[in-house]
């Protein structure tokens, strides 16, 4: 009886403290399979200088600038350099807003890998079938093989995209400051508004 | 006499509708000769186009520096960085060449604008492409722009 009471208390303690000890650990844990997206809004005294500094920062960290405008810049840097990049962004101006989001790429990758394996097994069965069946059966099997190969390629491509996301951290930085009262200057002459590399490339 | 005037009027309107920018096509560029406006593209993705932008309206006579400022103001507000501005003399007379840099599709691009006029008509020649490729062809492009005129 005494033993059962003791055991009961031990179980209760484990249940109570166990969850309270482990839950923060679980939630705070940084998974290496997470694709990170960081967003900052910073106020800078000089818009051009601030933007140039951010673009230089991305390039110095072997990053790729995805989008660039007077008030916003988006770039990707290798995940290993993300922390130092965050420090540099924080010191480049007054941070008014900051957020981080992470998506578990590992789980999605695992699902896609298992789907690829299933497709591979299916393909090997189809190949075996072509050797055993007659002409009509072989033709049907070959059509199925073609479909399965296309599907496997699509899955492999998705897997590569996820792997890339895991290797890079993405940053979106919004700049604000005294010079941002007016953004785009529209000309009263339409031909002037139509100038730019985007129109030049797209029209051709 | 009446018939002569009508024929002349038709011929004149036909000539106006056919007016366009022409220039020497730089080496390594393919010319789209069936287009109304001048268009040429190189194999490495450098574009060169020319067109008349003003041949009517009271503002067509504004001086080139005014147009250059207007173009520059608009491009800088879109995030372009000015690299150089040069006054030069082309086949058609005074001309302004300005070059910019911009990030496009995650890469550095160069973009150049050449402004000049034939009589009362203002015309523009644009060129652009990936910065490293454009730099290799810059001299040829500038030389070709200088030969631009309204045909």
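Bear in mind that the values in this text are calculations on the coordinates, not laboratory data. Because the structure is a prediction, the values reported are computed rather than measured. Methodologically, a virtual Cβ is constructed for each residue, glycine included, from the backbone with ideal geometry; neighbour enumeration extends over all protein chains shown.
A few remarks follow.
- Mean Cβ count within 10 Å, highest first, over the residues of peptides A:136-142, B:77-83: B:77-83, A:136-142
- Listed from fewest to most Cβ neighbours within 10 Å, the set B:143, B:101 follows the order B:143, B:101.
- For region A:107-164: rounded, prolate or oblate by the Cα gyration tensor [a/c cutoff 1.5]: prolate
- Note on B:66-77: average number of Cβ atoms from other chains within 10 Å of each residue's Cβ is 4.
- Exposure proxy ranking, count of Cβ atoms within 10 Å, fewest first, for B:53, A:95: A:95, B:53
- The shape of region A:82-204 comes out oblate: with a ≥ b ≥ c from the C-alpha gyration tensor, a/c is at least 1.5 while a/b does not beat b/c.
- Ranked A:54, A:162, A:129, A:175, criterion: other C-beta atoms within 10 Å, fewest first: A:129, A:162, A:175, A:54
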